[in-house]
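Working notes for the structure below.
No value in this document is a laboratory result; all are computed from the given coordinates. What you see is a predicted model; the values in this text were computed from it and never measured. Neighbour counts run over all protein chains shown; Cβ positions are idealised from the backbone, glycine included.
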Amino acid sequence: MALPRLLKHITETRLMPAWRQVYGELDGDLERMLWCLRFSPVRKRTEIASPPLRINAEDLRSCDLFPETMPKGKREGVIAKMDNACAKLNADLPAQERTKVSAKNGMLSIQLHPKIYTQAVVQDILTMKETYGSQGHVHSFIRPHPLSNKVLPARYGHRVLVEYSSPNIAKPFHAGHLRSTLIGNTIANLNKVFGNKVTKVNYLGDWGTQFGLLGVGFRKMGDQSLLKEQPIAHLYDIYVKMQTLIKSEEVATDGNIHKELAMHQQALAFFKSMEQGDEEALNFWQTCCNLSIEEFEAMYKKLGVRFDVYEGESMYYKKGLSLVKMVDEKGLLQTHQDTHVQFAEFLDPKSNELIRSSLLKSDGSTLYITRDLAAILDRKTKYKFDRIHYVVDQSQSDHFRAMFGLLRALGFRWADKPLDEMHVAFGRVAGMSSRKGNAVLLSDIIAEASSRMQQVMNDKETTKITDPDLLKQTAERLGIAAVIVQDLKNKRLTGYNFDWNKILTFTGDTGVFLMYTHARLCSLIRNCDIPLTELEMYEEGAAPLYPLDVLLEPEAIRLSRHLARFNEAVHDAHSKLEPCVVVHYLFTLGHLSSKALDALRVQGEPHQLALPRLALFQCSRVVMAAGLHLIGIEPIDQM
Ligand code: ARG
């Protein structure tokens, strides 16, 4: 829990003097503990009557905000003293004050009266607006650490490189790439919230024998104008036809002497000419890449995704050779007697595992891992990242294990981080197809989502929108939100079955439901006769005409308690690199908001009731929008 006003209340008003009295002798420790309190996520829930603020001793112990230099014994001592002191503190509090403090079994618990609680939450959100739960929010907690004088909590202010999406040119943009795009985008956003400098990299598979196939194929069956109009689909079409052609040659020759096949041979020759710098071949390759990137960008834009840098494997096939030299100089390179493949054999200093990894093919050309190694060294020099996240399908975990192992064996200490932080892996998606078939093109998925959504809206007459263009636009945005949420609501490593019928419903845990809730809140705010400026009364420093302490219905308390936990969800999602934490937070926010919307009328109520309620709903809207933005969705105002 990290609510400034709430904590201000605790630390600077009633409780603080009492704390000071009890803890007088602790001075620095007390400061630090309260500092920790401001950051520690609160896990335990209790009954709604008194929204609690609980800090677990375990949290305090493991809290990365305790200075590393503090001896463990001393830490335990502080917690024990806290336990004792709370008993005394409680005795000092006036009996009629329902705010209670206790510390049992190392659990510090502060229970506030709902009046104080809901007010504090609403005022915080209205004051911070869009920055609530985001960088601005976090900033408002930043004070120098009392002991270490460090201003920033761990994970704050780092240079972070997130590599995601990374599709292959001329091969399909499959469900795995979509997952990487969505998870990576959220991880990048979360890192920004925590004040990190984020570089978003898309590493295109733009090199390899598939270009040989395309080069030869395009000569045979290519169409310049089709290439311009729909490069991805056209190139993919050629790729598939060429593969079939090669297969049929294989069958014709009983699958033997694969290497003698004319088409395959030609393709290899074409790719070789690219590696040797043949101008015509390279021009063709460059055109394919440029046109594909252009088309990708249009799709990314619809998904609300933007990259800082496009890299490609092609940038690293030459640099890969220097990497191999480095491996050789370390004495880790060997050549296979029969195949002439060159490989590294090494002990990973971290796991002590013996790893063997091929680096050069028999013809001396580089492999996927060789290029990846060259790329990461280049990035380290260029971006000086403190952390790197590769958001890639879990089927590539051996690849990353070998890659980071080799970096460690080469003596790069920065590669000594947990593998699951550097390789942000995810499970498989099944059944993502469009009416056109199974080969998923991202454009088909977006078009399909949009047209199905429009159908749903028309059939169910759920829309008030009459302008056909706006309807189409809204349907597209809803469809995309549905696809995004369906994907991100699952834990990364859990695979899932994609199901069009399930994702487009207005009720239940879907993206459409989240968008619908946002639109419903917007329409309430639009349609009541209270101008939004009235709500400014509740902002910092102003004396509200109508106090907020009427928000005492269970629906209001439940909602405000959940609103107060947004920061916690963001914190959790960030530290676990799990977008689903934010998504589930939003589902609950949606459900609590709709319950509150049903129970707490605004229209037709007297101002002293309507205004505080409206303020609460405005908070819901602000947090819903902030959460949707985090997962890459632009909320809609009406539907
Ligand atoms: N293009 C690759 C694929 O589609 C993914 C690249 C992942 N990133 C990396 N640095 N290896 O399988």
Item to check | Three-way shape call for segment 433-526 based on the alpha-carbon gyration tensor, with the a/c threshold at 1.5 | outcome: oblate
Next on the checklist: Whole-Hz ³J(HN,Hα) for each residue in segment 521-538, computed from phi via Karplus 6.51 cos²θ - 1.76 cosθ + 1.60 with θ = phi - 60°, x for glycine and proline: what do you get?
Outcome noted: 5, 4, 5, 4, 5, 5, 8, 7, 7, 9, x, 4, 4, 4, 6, 4, 3, 7
Next on the checklist: If you average the alpha carbon positions of segment 292-310 and of segment 506-579, how far apart do those two centres end up, in angstrom?
Outcome noted: 32 Å
Checklist entry - Too long at a 21 Å Cα-Cα cut-off: which of K200/K502; K302/K464; K200/K382? => result K200/K502; K302/K464
Checklist entry - Most exposed first by the Cβ proxy, i.e. fewest other Cβ within 10 Å, how do D469, D416 rank? => result D469, D416
Checklist entry - What is the order of H264, H629, fewest Cβ neighbours within 10 Å to most? => result H629, H264
Checklist entry - By count of other Cβ within 10 Å, fewest leading, how are V240, V570 ordered? => result V240, V570
Next on the checklist: I'd like the Karplus ³J(HN,Hα) series for segment 420-428: coefficients 6.51, -1.76, 1.60, θ = phi - 60°, whole numbers in Hz, and an x wherever there's a Gly or Pro.
Outcome noted: 6, 8, 7, 9, 7, 8, 8, x, 8
